[in-house]
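Reading through the C-alpha coordinates given below for one structure.
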Amino acid sequence: MATKDEEPREEEEAIGAAEDEDTGAQVAPIVRLEEVAVTTGEEDEDAILDLKSKLYRFDKEGKQWKERGAGSVKLLKHKHTGKVRLVMRQSKTLKICANHLVLPTMSVQEHAGNEKSCVWHAPDFADGELKDEMFCIRFPSVENCKTFMEMFQEVAESQNKREEHEDASSTAGLLEKLSVEDKKAESDEKAKVDTGENVPASDKKNISENSKDEEKPASST
(Lines give C-alpha, C1' and ligand atoms only; values in the text may rest on other atoms or scores of the structure.)
Protein backbone atom coordinates (compact mmCIF):
# COMPACT_ATOMS: atom_id res chain seq x y z
CA MET A 1 0.00 0.00 0.00
CA ALA A 2 1.43 3.40 -1.06
CA THR A 3 2.01 5.95 1.65
CA LYS A 4 1.02 9.61 1.42
CA ASP A 5 4.62 10.62 0.64
CA GLU A 6 4.85 8.20 -2.30
CA GLU A 7 1.64 9.44 -3.96
CA PRO A 8 2.88 13.02 -4.76
CA ARG A 9 6.16 11.55 -6.02
CA GLU A 10 4.34 9.31 -8.47
CA GLU A 11 2.27 12.25 -9.68
CA GLU A 12 5.43 14.34 -10.26
CA GLU A 13 7.04 11.51 -12.23
CA ALA A 14 3.90 11.18 -14.36
CA ILE A 15 3.88 14.90 -15.06
CA GLY A 16 7.60 14.87 -15.93
CA ALA A 17 7.09 11.95 -18.32
CA ALA A 18 4.26 13.79 -20.02
CA GLU A 19 6.45 16.91 -20.44
CA ASP A 20 9.29 14.88 -21.96
CA GLU A 21 6.99 13.18 -24.44
CA ASP A 22 7.55 14.46 -28.02
CA THR A 23 4.19 15.42 -29.49
CA GLY A 24 5.66 16.09 -32.95
CA ALA A 25 4.10 19.53 -33.10
CA GLN A 26 6.09 22.25 -34.89
CA VAL A 27 5.91 25.82 -33.70
CA ALA A 28 6.50 28.47 -36.35
CA PRO A 29 8.94 31.26 -35.38
CA ILE A 30 7.31 34.55 -34.46
CA VAL A 31 9.87 36.60 -36.43
CA ARG A 32 11.35 35.50 -39.73
CA LEU A 33 14.97 36.53 -40.24
CA GLU A 34 16.01 37.09 -43.82
CA GLU A 35 19.45 36.06 -44.98
CA VAL A 36 21.70 39.08 -45.42
CA ALA A 37 24.73 39.05 -47.72
CA VAL A 38 27.85 40.19 -45.85
CA THR A 39 30.52 42.00 -47.86
CA THR A 40 34.11 42.38 -46.74
CA GLY A 41 35.36 44.65 -49.50
CA GLU A 42 37.68 41.86 -50.64
CA GLU A 43 35.35 40.32 -53.24
CA ASP A 44 37.38 41.66 -56.20
CA GLU A 45 40.73 40.61 -54.72
CA ASP A 46 42.72 37.40 -54.47
CA ALA A 47 44.77 36.60 -51.36
CA ILE A 48 48.37 35.88 -52.36
CA LEU A 49 49.49 35.69 -48.71
CA ASP A 50 47.65 34.88 -45.47
CA LEU A 51 49.61 34.42 -42.23
CA LYS A 52 48.85 34.55 -38.51
CA SER A 53 50.71 37.36 -36.78
CA LYS A 54 50.67 40.17 -34.24
CA LEU A 55 50.95 43.79 -35.34
CA TYR A 56 52.45 46.82 -33.58
CA ARG A 57 52.67 50.49 -34.50
CA PHE A 58 55.24 52.98 -33.27
CA ASP A 59 53.78 55.75 -31.11
CA LYS A 60 55.78 58.86 -32.01
CA GLU A 61 54.60 60.83 -28.99
CA GLY A 62 55.24 58.12 -26.44
CA LYS A 63 58.26 56.83 -28.39
CA GLN A 64 57.27 53.20 -27.89
CA TRP A 65 55.66 50.28 -29.72
CA LYS A 66 51.95 49.75 -29.14
CA GLU A 67 50.03 46.62 -30.04
CA ARG A 68 47.44 46.98 -32.80
CA GLY A 69 46.06 43.47 -32.62
CA ALA A 70 46.57 39.79 -33.38
CA GLY A 71 45.05 38.13 -36.42
CA SER A 72 45.77 37.30 -40.07
CA VAL A 73 47.82 39.58 -42.28
CA LYS A 74 46.91 39.34 -45.97
CA LEU A 75 48.32 40.59 -49.24
CA LEU A 76 45.36 41.06 -51.59
CA LYS A 77 45.80 41.49 -55.34
CA HIS A 78 43.01 43.25 -57.24
CA LYS A 79 41.66 41.16 -60.11
CA HIS A 80 41.39 44.09 -62.55
CA THR A 81 43.96 46.73 -61.62
CA GLY A 82 46.69 44.37 -60.38
CA LYS A 83 47.33 46.59 -57.36
CA VAL A 84 48.19 44.87 -54.08
CA ARG A 85 47.22 46.03 -50.62
CA LEU A 86 48.10 44.81 -47.14
CA VAL A 87 45.14 44.18 -44.85
CA MET A 88 45.12 42.86 -41.30
CA ARG A 89 42.11 42.30 -39.04
CA GLN A 90 41.88 41.34 -35.39
CA SER A 91 40.93 37.69 -35.12
CA LYS A 92 38.03 38.16 -32.66
CA THR A 93 36.48 41.53 -33.52
CA LEU A 94 37.58 41.63 -37.21
CA LYS A 95 38.55 45.26 -36.63
CA ILE A 96 41.03 46.49 -39.24
CA CYS A 97 44.55 46.91 -37.86
CA ALA A 98 46.29 47.85 -41.11
CA ASN A 99 45.06 48.77 -44.58
CA HIS A 100 47.42 50.21 -47.17
CA LEU A 101 48.68 49.69 -50.73
CA VAL A 102 52.07 48.11 -51.28
CA LEU A 103 53.95 50.79 -53.20
CA PRO A 104 57.18 50.55 -55.23
CA THR A 105 58.93 52.88 -52.79
CA MET A 106 58.31 50.60 -49.78
CA SER A 107 60.83 48.22 -48.27
CA VAL A 108 60.60 45.83 -45.32
CA GLN A 109 63.48 45.10 -42.97
CA GLU A 110 64.16 42.60 -40.22
CA HIS A 111 63.59 44.00 -36.75
CA ALA A 112 66.88 44.31 -34.90
CA GLY A 113 67.41 41.47 -32.46
CA ASN A 114 64.34 39.43 -33.47
CA GLU A 115 64.33 37.15 -36.52
CA LYS A 116 60.58 36.59 -36.19
CA SER A 117 59.76 40.30 -36.62
CA CYS A 118 60.13 42.90 -39.35
CA VAL A 119 59.35 46.61 -39.79
CA TRP A 120 58.26 48.98 -42.58
CA HIS A 121 56.76 52.45 -43.17
CA ALA A 122 53.43 52.99 -44.95
CA PRO A 123 50.69 55.61 -45.47
CA ASP A 124 47.93 53.64 -43.73
CA PHE A 125 44.15 54.05 -43.89
CA ALA A 126 43.05 51.67 -41.10
CA ASP A 127 41.57 54.48 -38.96
CA GLY A 128 39.60 56.05 -41.80
CA GLU A 129 42.20 58.69 -42.60
CA LEU A 130 45.62 58.53 -44.21
CA LYS A 131 48.43 58.39 -41.65
CA ASP A 132 52.14 57.80 -42.03
CA GLU A 133 52.76 54.78 -39.80
CA MET A 134 55.72 52.65 -38.84
CA PHE A 135 54.66 49.03 -38.37
CA CYS A 136 56.30 46.06 -36.72
CA ILE A 137 54.87 42.59 -37.26
CA ARG A 138 55.78 39.42 -35.37
CA PHE A 139 55.21 35.86 -36.59
CA PRO A 140 55.16 32.53 -34.73
CA SER A 141 58.18 31.31 -36.73
CA VAL A 142 61.25 32.59 -38.53
CA GLU A 143 60.08 30.86 -41.73
CA ASN A 144 56.80 32.81 -41.78
CA CYS A 145 58.63 36.08 -41.22
CA LYS A 146 60.97 35.38 -44.15
CA THR A 147 58.02 34.38 -46.34
CA PHE A 148 56.27 37.66 -45.55
CA MET A 149 59.38 39.77 -46.20
CA GLU A 150 60.14 38.05 -49.51
CA MET A 151 56.56 38.35 -50.75
CA PHE A 152 56.28 41.99 -49.62
CA GLN A 153 59.48 42.94 -51.43
CA GLU A 154 58.52 40.97 -54.54
CA VAL A 155 55.16 42.74 -54.71
CA ALA A 156 56.76 46.18 -54.27
CA GLU A 157 59.18 45.51 -57.14
CA SER A 158 56.41 44.12 -59.36
CA GLN A 159 54.32 47.24 -58.75
CA ASN A 160 57.25 49.35 -59.93
CA LYS A 161 57.51 47.29 -63.13
CA ARG A 162 53.74 47.49 -63.61
CA GLU A 163 53.84 51.29 -63.35
CA GLU A 164 56.76 51.44 -65.80
CA HIS A 165 54.82 49.23 -68.22
CA GLU A 166 51.71 51.42 -67.87
CA ASP A 167 53.82 54.55 -68.49
CA ALA A 168 55.41 52.95 -71.55
CA SER A 169 52.03 51.83 -72.89
CA SER A 170 50.57 55.27 -72.26
CA THR A 171 53.51 56.93 -74.06
CA ALA A 172 53.24 54.52 -76.99
CA GLY A 173 49.52 55.19 -77.23
CA LEU A 174 50.11 58.95 -77.18
CA LEU A 175 52.79 58.73 -79.89
CA GLU A 176 50.51 56.57 -82.04
CA LYS A 177 47.69 59.07 -81.64
CA LEU A 178 49.97 61.97 -82.61
CA SER A 179 51.25 60.01 -85.62
CA VAL A 180 47.70 59.36 -86.82
CA GLU A 181 46.80 63.03 -86.36
CA ASP A 182 49.89 64.13 -88.31
CA LYS A 183 49.06 61.78 -91.19
CA LYS A 184 45.48 63.04 -91.22
CA ALA A 185 46.68 66.67 -91.30
CA GLU A 186 49.04 65.92 -94.22
CA SER A 187 46.24 64.16 -96.09
CA ASP A 188 43.86 67.09 -95.53
CA GLU A 189 46.49 69.58 -96.69
CA LYS A 190 47.15 67.58 -99.85
CA ALA A 191 43.42 67.41 -100.58
CA LYS A 192 43.14 71.18 -100.26
CA VAL A 193 46.01 71.72 -102.70
CA ASP A 194 44.45 69.33 -105.23
CA THR A 195 41.10 71.15 -105.04
CA GLY A 196 42.71 74.59 -105.18
CA GLU A 197 41.87 75.55 -101.62
CA ASN A 198 44.29 77.74 -99.67
CA VAL A 199 45.93 78.79 -103.02
CA PRO A 200 46.42 82.58 -103.51
CA ALA A 201 44.25 84.25 -106.19
CA SER A 202 47.31 85.17 -108.34
CA ASP A 203 48.48 81.56 -108.29
CA LYS A 204 45.00 80.39 -109.23
CA LYS A 205 45.05 82.77 -112.22
CA ASN A 206 48.44 81.48 -113.35
CA ILE A 207 47.28 77.89 -112.96
CA SER A 208 44.14 78.68 -114.98
CA GLU A 209 46.12 80.39 -117.78
CA ASN A 210 48.62 77.55 -117.93
CA SER A 211 45.78 75.11 -118.19
CA LYS A 212 44.28 77.07 -121.12
CA ASP A 213 47.63 77.21 -122.86
CA GLU A 214 47.96 73.49 -122.52
CA GLU A 215 44.49 73.01 -124.02
CA LYS A 216 45.25 75.13 -127.19
CA PRO A 217 46.17 73.03 -130.23
CA ALA A 218 49.67 73.42 -131.56
CA SER A 219 49.85 75.87 -134.55
CA SER A 220 50.96 74.44 -137.85
CA THR A 221 53.91 75.99 -139.58
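List, please: which pairs have Cβ atoms under 8 Å, are six or more places apart or on different chains, and start with a residue in the stretch 144-157 that is more than 11 Å from Val84 (Cβ to Cβ) and end with one that is surrounded by 15 or more Cβ atoms within 10 Å (Cβ to Cβ) and among the hydroxyl-bearing types (Ser, Thr, Tyr)?
Asn144/Ser53; Cys145/Ser117; Phe148/Ser53
Could you check Ala168 against (1) closer than 16 Å to Pro104 by Cβ; (2) at pLDDT 95 or above and say which number it fails?
Against the list (1) closer than 16 Å to Pro104 by Cβ; (2) at pLDDT 95 or above, Ala168 comes up short only on (2).
Which ones in the stretch 129-146 are part of a helix (DSSP H, G or I) and open to solvent by less than 10 Å² (accessible area, probe 1.4 Å)? If you could, list the steps in order and put the result at the bottom.
First pass over the stretch 129-146, keeping only residues part of a helix (DSSP H, G or I): 142-146.
Correct list: Cys145 only.
Can you work out which of the residues in the stretch 112-128 that are open to solvent by 30 Å² or more (accessible area, probe 1.4 Å) and more than 23 Å from the chain's Cα centre (by Cα) is modelled with the lowest pLDDT? So that I can check it myself, show each step before the final result.
Keep residues of the stretch 112-128 that are open to solvent by 30 Å² or more (accessible area, probe 1.4 Å), which gives 112-116, 121, 123, 125, 127-128.
Then drop every residue that is not more than 23 Å from the chain's Cα centre (by Cα), which leaves 112-116.
On the way: Ala112: 89, Gly113: 86, Asn114: 93, Glu115: 95, Lys116: 97.
Only one residue fits best here, namely Gly113.
Between a first residue in the stretch 64-80 that is assigned to a strand (DSSP E or B) and a second residue that is modelled with pLDDT of 95 or more and of a type in the set (Ser, Thr, Tyr), which pairs have beta carbons less than 8 Å apart while being 6 or more apart in sequence or on different chains?
These pairs meet every condition: Trp65/Tyr56; Lys66/Tyr56; Glu67/Tyr56; Arg68/Tyr56; Ala70/Ser53; Gly71/Ser53; Ser72/Ser53; Val73/Ser53.
The values are calculated or read from the model by the stated rules, or taken from the named source; none is laboratory data. Here the structure is a predicted model, which means the values were calculated and not measured. Heads up, the Cβs are rebuilt from the backbone with ideal geometry, glycines too, and the neighbour counts pull from every protein chain shown. Quick note on the areas: whole protein, heavy atoms, side chains included, nothing else; ligands and nucleic acids left out. Shrake-Rupley method; radii C 1.70, N 1.55, O 1.52, S 1.80 Å.
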